[in-house]
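J.: Before I ask anything, here is the structure I am working with.
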Amino acid sequence: MRPAAAAARSVRLSALGVRVLAPVRPGLCCSRSVSAQAATSDTTGKMKTIDDLPGPSFAKSLYWILFKGFAQKGHLMQDFQKNLYGPIWRSRFGPYDLVNVASAELISQVIKQEGQYPVRVLLPHWKEYRELRGQAYGLHVETGPNWYRIRSVLNQKMLKPREVRAYAPVIHQVVDDLLQRIQFLRDRSPDRTTVPDIASELYKFGFEGVSAILFETRLGCLQEDVPKDTLRFIRAVNNMFLMSDIVAMSPRWTRLFLPHWKRFVEAWDDLSDVAQGLVERRMRELEQRVDSGSSIDGLYLTYLLSNDKITKAEIYTSITELLLGGVDTTSNTLTWALYHLSRDQRAQDLLSKEVQDVCPNLKQPSMDDISQMPYLKAVIKEALRLYPVVPGNARYVTENDLIVVKVHMTGFHTLFHLCHYAVSHSAEEFPEPERFIPERWLRPGLNTDGAYSRSLPSVQEHHPYSYIPFGVGVRACVGKRVAEMEMYLALSRVSHTKNEAKISLYL
Ligand code: HEM
């Protein structure tokens, strides 16, 4: 991978970082008894309140964002502020009044009190758009039992490992296309090796992969001529996230003379239109099959359409959101994994050997094969630890008083910003945190060549909340298993060997 491509990725990751500053996930348990116990354990006898928390003024935050370069690097601001204020601080900016928590233990305390139906963040402008267009709210906007009902339907064929395995054959077809595309671009390049922009090829792979599952249709994103709607969707994703932040921060009256709201609506219109068009296309195919008496064996959309617990309007919004969540997330992670492998011959060789041992003679890995590839999984984990696509998560706690390290949050709704980027980059949890070391995820004894002699903590020693790239609890990422499967199948096959000549990862 060329450095320019890596740099481009980092910009994209920053933008994603901005996008995620908001969401939070619900707690597994919430109870006043937990709070009461914490309260009495305060040895000073004095309970602090949110007003006692340290933190920057609005002017200071604005200065950092505008003049310290944090506008596109919200994830780095987590570290910066943690160093200044410690693991818990308050920041107020525009409409946001956040309690930031930046240690694994504090994150776990918030999550354990998040309630039955966790809310990540309120998105009034997304809600406004849905109402403007008469659409169903969908996963991101919906709350309470309604969110839970939709989520329970979506979970069925997204999070159950056995169900997700059914998507492996179609993902292998998409990986076939990716490998052919890489070969084609190499053959066309002057040195017959370099793929000029692997990140955008992986983006198309992400789009094709998740669409193949959701719409049960191959779109041909990895062909030379990318479908117009794919390009439209990709542009709209970027615009929507960019405008979403601006709309959220700007007072309503600015819409009278600034274009941000209009562009936000246009971007959402494009997203909805593309997703809805694909759903309708598949529905017509299914109707034709029914009319002709043919059997129907679909994947995800067929399942949703035949489920009476979700309305058609909710399917449209849910599918749009799944598509939105399922493209740049997997592609960015794969890009970073390849970037590091390309700079680390030893890691590249270990991965290649592992795949070769489990799947000799270019055998296509099955999901059972993948389960015997700990190094492959460690590479993906390490890429996600270093570059969590969603570097900050959130939880909006409304139902209960909540106590986090003797700070009593009560009397108003509290938005907790879970700074997990800072935690997964902390030396206390991960020695040499800025280095790419997949071995830190291997259990002792699994190191294949025995050459890795450094004493790093094994996976069991990390605090369970020190690494949460997919979030945690009932509101955690619904696409986690699909994403992992796509990444494992793609990376294992990219690193496979062909005719004894290793496929170089210097893409
Ligand atoms: C490397 C890949 C991915 C990463 C790192 C990732 C990360 C996340 C995170 C951190 C959240 C918030 C969870 C929480 O609040 O605790 C989330 C939510 C979500 N993700 Fe993913 N994601 C990935 C892939 C996917 C894929 C492939 C899909 C779709 C197929 C998807 C769809 C969603 C949706 C719809 C939500 C909202 C869930 C809800 O609010 O109930 N994600 N993701």
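J.: Neighbouring Cβ atoms within 10 Å as the yardstick, rank S91, S366 fewest first.
T.: Fewest to most other Cβ atoms nearby, the residues stand as S366, S91.
J.: Please compare each pair in K160/K312; K160/K377; K309/K377 to a cut-off of 27 Å on the Cα-Cα distance and tell me which ones are over it.
T.: Details: K160/K312 23 Å; K160/K377 18 Å; K309/K377 35 Å.
From the list (K160/K312; K160/K377; K309/K377), the Cα-Cα distance tops 27 Å for K309/K377.
J.: Toward the positive end of the charge dipole of the stretch 50-495, about the Cα centre and with charges on Cβ (Lys, Arg +1; Asp, Glu -1), which of A313, Q345, F264 goes farthest?
T.: The listed residue farthest towards the positive side: F264.
J.: A follow-up question, please. So, in Å, what gap is there between the alpha-carbon centers of the stretch 271-329 and the stretch 157-180?
T.: Cα centroid of the stretch 271-329 versus Cα centroid of the stretch 157-180: 17 Å apart.
J.: If you don't mind, there's one more thing I want to ask. Choose one of I437, N83, S371: the residue whose Cα lies farthest towards the positive end of the charge dipole of the stretch 50-495 (beta-carbon charges +1 Lys, Arg; -1 Asp, Glu; about the Cα centre).
T.: With unit charges placed on the Cβ atoms, the residue in question is N83.
J.: Related question: Can you tell me the alpha carbon radius of gyration of the stretch 124-243 divided by the globular rule-of-thumb value 2.2 N^0.38 Å?
T.: Taking N as the residue count of the stretch 124-243, the ratio is 1.34.
J.: Can I ask one more? If you take the alpha carbon radius of gyration of the stretch 50-495 and divide it by 2.2 N^0.38 Å, what ratio comes out, to two decimals? Provide the component values of the computation, followed by the final result.
T.: Details: Rg = 22.7 Å, N = 446, 2.2 N^0.38 = 22.3 Å.
The stretch 50-495 yields a ratio of 1.02.
J.: At what distance in angstrom do the alpha carbon centres of the stretch 335-354 and the stretch 65-107 lie from each other?
T.: 33 Å
J.: In what order do K312, K112, K381 fall by count of nearby beta-carbon atoms within 10 Å, going from fewest to most?
T.: Details: K312 11, K112 18, K381 21.
Ordered from fewest to most neighbouring Cβ atoms within 10 Å, K312, K112, K381 come out as K312, K112, K381.
J.: Express the relative contact order of the stretch 332-385 as a whole percentage, based on alpha carbon pairs under 8 Å and six or more residues apart in sequence. Present the calculation step by step, with values, prior to reporting the outcome.
T.: Details: 26 pairs, mean separation 27.0, N = 54.
Over the stretch 332-385, the number comes to 50 percent.
J.: Starting from the Cα of K381, draw a straight line to each of the aspartates and glutamates and keep only those under 17 Å, dropping any in the same chain fewer than 8 residues away.
T.: D328, D344, E354, E429, E432, E434, E439, E461, E484, E486
J.: Dipole magnitude of the stretch 50-495 about its Cα centre, charges +1 at Lys/Arg Cβ and -1 at Asp/Glu Cβ only, in debye to the nearest 20? Intermediate values should be presented prior to the final figure.
T.: Working: 53 positive and 53 negative charges, 110 e Å.
Approximately 520 debye in magnitude.
J.: Rounded to the nearest 0.05, what FRET efficiency do Q223 and V290 give with R0 = 30 Å and r taken as the Cβ-Cβ distance? Could you check?
T.: 0.50
J.: Which aspartates and glutamates have a Cα lying under 17 Å from the Cα of K112, excluding residues fewer than 8 positions away in the same chain?
T.: Result set, ordered by chain and number: E399, D401.
J.: Continuing with the same structure: If you place +1 on the Cβ of every Lys and Arg, -1 on the Cβ of every Asp and Glu, and leave all else neutral, what size is the dipole of the stretch 167-297 about its Cα centre, to the nearest 20 Debye?
T.: Computed about the Cα centre, the dipole is about 480 debye.
J.: With a 10 Å Cβ neighbour count serving as the proxy for reagent exposure, in which order, fewest first, do K480, K157 appear?
T.: So the ranking, lowest neighbour count to highest, is K480, K157.
A short reminder: the numbers here are calculations on the coordinates, not readings from a lab. This structure is a prediction, so every number in the text was calculated from the model and none was measured. Cβ atoms come from the backbone with ideal geometry, glycine included; neighbour counts cover every protein chain shown.
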